1. Under 1.5 on a/c is rounded, so check that first for the stretch 297-364, then, if it is not, pick prolate when a/b is larger than b/c and oblate when it is not; a ≥ b ≥ c are the square roots of the alpha carbon gyration tensor eigenvalues.
2. Looking at the square roots a ≥ b ≥ c of the eigenvalues of the Cα gyration tensor of the chain, which shape do they give, rounded for a/c under 1.5, prolate if a/b is larger than b/c, or oblate?
3. Rounded to a whole number, what is D in µm²/s for the stretch 331-414 from Stokes-Einstein with the Kirkwood radius over alpha-carbon pairs (20 °C, 1.002 mPa s)?
4. Along the principal axes of its C-alpha atoms, what lengths does the stretch 80-187 span, in descending order and rounded to whole Å?
5. Report P(r) for the stretch 254-340: all Cα-Cα distances, bin width 5 Å, range 0 to the bin holding the largest distance, values in whole percent.
6. For the stretch 356-480, what value does the Rg/Rh ratio take when both radii are computed over Cα atoms and Rh is the Kirkwood radius, given to two decimals?
7. With just the Cα atoms defining each centre, how far is the stretch 21-100 from the stretch 104-118? Give it in Å.
8. Below 8 Å between Cα atoms, with a sequence gap of 6+, how large is the relative contact order for the stretch 347-432 in percent?
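The values are calculated or read from the model by the stated rules, or taken from the named source; none is laboratory data. As the structure is a computational prediction, the values presented were derived from the model and not from experiment. Methodologically, a virtual Cβ is constructed for each residue, glycine included, from the backbone with ideal geometry; neighbour enumeration extends over all protein chains shown. Ligands, DNA and RNA are stripped out before the accessible areas are found, and what is left, the full protein with its side chains, is counted by its heavy atoms. Shrake-Rupley method; radii C 1.70, N 1.55, O 1.52, S 1.80 Å.
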Amino acid sequence: MLSIFILHSNLIIHLFSHLSSTMIDPSISVLSAKHARIVLRQTSRRSSLPMIQRHARQTLGQQSLIMLSGGSDWKRQRGLVQYALTADAIAEHKSIIIEVANAMVTVLTNLCKKESDGRIEVDVVHIAQCFTLETFGKVALGHDFHCFSDVGATRSREAEAFAFLVNDIPKRCSQRAVLNPLLQMYSLPTAHNRRYKVEREIVENLLHSVIQQSKDSFASSTRDSLKSSNVNGGSSKKNRENLLTHIIRKSESDSADALVDMMKTILFAGYETTAITIVYVLYNLTKYPEFQEQCCEEAKRIVQTDDDFTIRDLRFTRAVIMESMRLNPTVLATSRTLTKTTNLGGYTIPAGFRITIPLIKVLVDERNFERAKEFIPTRWVKWSEEKNEWVERDHRQESTNNCEEVAAADPANFLAFSDGARDCVGKRLAMNEATVALAFLMKHFRVAYDERKPVEKKRRLTSWFPHKLQIKFLLRDDVE
């Protein structure tokens, strides 16, 4: 049976309370993961609210990939980003992710060693944002934001400008700002608007500079490759390329401004979502010391040296991340507009209907996951005595009466990255970042949180993000 909520039910009003008055398309909401997949795979058309479109385009550019509802421009941009984020391309960046993770661990280790009990309390929101910005800066742009240094986890002037712009769009789209002309009109000479102009100029100047350097470097390497190919009879050594270089290779006709808008969109989309994931994983692990120890054991067994390991072999660590994302998705909801009549569970839904998919509900619905509201990483993996390692579970092969504590989960129901043609294009990179970060942290530290302190969250468009989260890091006894 199809689960349906009318647009003005309590669920939808809660998720979109300050936006619902602007929604005029007929809309329903689905809770079954099966029905959600049908919708997500049937259409990539998504319409954003006019207010969000206006502010996003002001900051990200007129042709931001995030805001394009579909069509040839969206397909071309999506294709460029997909080309730059293939599995092979991402594999080239493993050493960068490890480098940044080591820098993060070094900063936290030095802080712990300054304390007599080897314990510190730090804001993991800040740490996670530094990690993701530094990683993404190097992977996407080949640029160092200098977030980790001898003095700790800090942000450069460029990083501060970028963080300001990331926060600006949700600020202007918040419920309080809807009827506030001081935040809706960029031309007004307010202190916030003046700072916005300065910070945006810093970010755009940085991107223009990096793009020009990348174009020059790409042109030079192309000439050198041709010379080498002629000299060596067709063989030439391929240098590691960052995401920007991959895009430049396929988009030589795009203007510098178009590339700036594209890179802003990629950075904005990948920066905070991965940080949210890392923050929630660490918070969830503070409740389960046994899972911390299992992550630590796996990291010590798999990551014996920085170079000689495969990220996907950290299966229990990945399962912990997936379980955390299932319970705390980085995006609370998504939507699609049907482009053709669609049958969902016996109901015929005409083209033009907007289908809302409240991921925060879908991912904890009992019809999609057994014991759906519990944190159980072993729904994804199990320990193999024969192989002496964690292995992925297969829900298609395991019997319903097996001895495991919970039934194997169906990976197709894991919609935290969405699905279909408009799924998260950077999901492989995000999972690799989070997996390496967690493995390296668990290998060196135990984490704890004072549950008497409430977790303060801020609304960020379609996500809830902890404003500040002080977590205790305790250096493990066997860490030098």
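1. It comes out prolate by the Cα gyration axes.
2. Rounded, since a/c falls under 1.5.
3. It diffuses with D of about 139 µm²/s by this estimate.
4. 51, 44, 22
5. Final binned percentages: 3, 11, 15, 15, 15, 14, 11, 8, 5, 3, 0.
6. 0.99
7. 39 Å
8. It comes to 24 percent, rounded to a whole number.
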